[in-house]
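Encoded as structure tokens, the structure appears first; notes follow it.
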Amino acid sequence: MDEWLLNNLVCPRDRLDLTFDRDIFSCAEGHVYHVIEGIPVMIFQDERPTHDYLRQSLEQVERVVDGEALESVLRSVETTNGIDGFVQGELPYTNGNLYFCVQNKLTRYPLPHLRLPDANGERLLDVGCNWGRWSIRAAQKGYKPIGIDPSLDAVLAATRISRQLGVEPKFVVGDARYLPFRDGCFDVSFSYSVLQHFSKENARTALSEMERTLKENGKVLVQMPNKYGLRSMQQQWRRGFTEGKDFEVRYWTPAELLSTFESRFGKTIFTADCFFGLGIQASDLDLLPIRFKTVVHTSELLRKISRGIKPLAKLADSVYLESVKTTSLRSQKQY
């Protein structure tokens, strides 16, 4: 077991210290969490799960503990073109609708550009890491990432892919609303294409947990959907401008986003991520067919223009919120 995890994992229910013995973490209240293939599974049955992955992972752990072989309880995947089969199948669900056309056809891993400076061993939390694309990229930039996700299948895939690519982020199965980490143990907290799928109540809870586990003066960078983006407006119209349910995207106004982040972290910078959709990455141009390249090029051009014409960012479909945790806010916060 990784030494940093041994020292910084706590019970997600009550934040009590944990004892580790024979692939089991336990706290003084008797809460027990198993370790599967070196991965701590720090989740528990909750009455309002954010995703069915939570239930699936708990069932998988129970079957393994009861003696079933791990391979028999995991999703069956096959590597093609040197790319892990989990990624081949999961791609459009982690990267966005634009990627359905290359599902099961990847020839390289679509590792995105991480808009953070190079690091020198700073500890980064990747909330909702899935197959690890952002954690892997962070490790390549000098961070020491900890990726957390409710899916055991995804986290085990992230571990395989990291080894394949020669980097060593660490991964935990966990719930963003109940982060199993000590207060103030991360230098950077990051999340992409995750909190947009939570109810606004759950998203605010997760952000409060990200704030709790972030060091003073630590940095947070989170992607969120903008209600006033052109593609976002079209999607809202299609579903009758309802709030959204289950894992549907919830759309936030710029004012909602800024007030939510500033109440937790302090002064927040609102910038464009992409236009005409969610999850569009200029780094993936070579993977996409010609009909989508114009969309990507135009999105990237508008993003760059928005750095000079800042009001344009409020028409982006996907935006970044960037803050530095302010010490003076701690006594003022009312979540």
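Every number in this text was worked out from the coordinates using simple rules, so none of it is lab data. All of these numbers come straight from a predicted model, not from anything done at the bench. No Cβ is skipped: glycine too gets one built from the backbone with ideal geometry, and neighbour counts run over all protein chains shown.
With the alpha-carbon atoms of the stretch 124-249 aligned to their principal axes, the span from lowest to highest coordinate is 45, 33, 24 Å, starting with the largest.
Candidates Asn8, Asn202, Tyr99 compared by Cα position along the dipole of the stretch 3-329: farthest toward the positive end lies Tyr99, with charges placed on Cβ. Near the amide H of Thr80, within less than 5 Å, lie the amide hydrogens of Gly85, all on another chain or at least 5 residues away, with H placed in the peptide plane.
Remark: the stretch 182-195, residue by residue, has Karplus-estimated 3J(HN,Hα) of 5, 4, x, 9, 10, 7, 9, 10, 9, 7, 9, 6, 10, 5 Hz, where x stands for each Gly or Pro and the curve is 6.51 cos²θ - 1.76 cosθ + 1.60 at θ = phi - 60°.
With n ≥ 4 as the cut-off for DSSP H runs, can you work out [θ] at 222 nm for the chain, using -39500 (n - 2.57) per run divided by the number of residues, rounded to the nearest 500? -10000 deg cm²/dmol, from helical runs alone. Positive end of the dipole of the chain (Cβ unit charges, origin at the Cα centre): among Leu287, Leu74, Leu156, the Cα lying farthest that way belongs to Leu287. Under 5 Å between amide hydrogens, built in the peptide plane, is the criterion, and for Gly277 it picks out Arg231, Asp317, Ser318 among residues at least 5 positions away or on other chains.
Each residue of the stretch 212-217 is assigned a 3J(HN,Hα), and the resulting list reads 4, 8, 8, 5, 4, 6 Hz, derived from the Karplus form 6.51 cos²θ - 1.76 cosθ + 1.60 (θ = phi - 60°), x at Gly and Pro. Computed from phi, the 3J(HN,Hα) profile of the stretch 95-111 under the Karplus parametrisation 6.51, -1.76, 1.60 (θ = phi - 60°) reads 9, x, 4, 4, 9, 4, 5, 10, 4, 6, 10, 5, 10, 8, 6, x, 8 Hz, with x in place of Gly and Pro. Applying D = kT/(6 pi eta Rh) to the stretch 118-193, where Rh is the Kirkwood radius over alpha-carbon pairs, T corresponds to 25 °C and eta to 0.890 mPa s, the Stokes-Einstein value obtained is 204 µm²/s. Could you list Cys185, Cys274, Cys129 in order of exposure, starting from the residue whose Cβ has the fewest other Cβ atoms within 10 Å? If I rank by nearby Cβ atoms, fewest first, I get Cys185, Cys274, Cys129. Between the amide H of Lys227 and those of Trp252, Thr253, distances stay under 5 Å, these residues lying 5 or more places away or on another chain, with hydrogens modeled in the peptide plane.
Note on Lys267: lysines with a C-alpha under 29 Å away, same-chain residues under 8 apart excluded, are Lys141, Lys144, Lys200, Lys215, Lys219, Lys227, Lys304, Lys310, Lys314, Lys325, Lys333. Our analysis of the stretch 20-100 gives Rg over Rh at 1.05, with the two radii drawn from alpha carbon positions and Rh computed by the Kirkwood formula. Extent along the principal axes, Cα only, for the stretch 3-329: 56, 52, 43 Å, with the longest axis given first. Taking the empirical scaling 2.2 N^0.38 Å for compact globular proteins as reference, the stretch 181-335 has a Cα radius of gyration ratio of 1.08.
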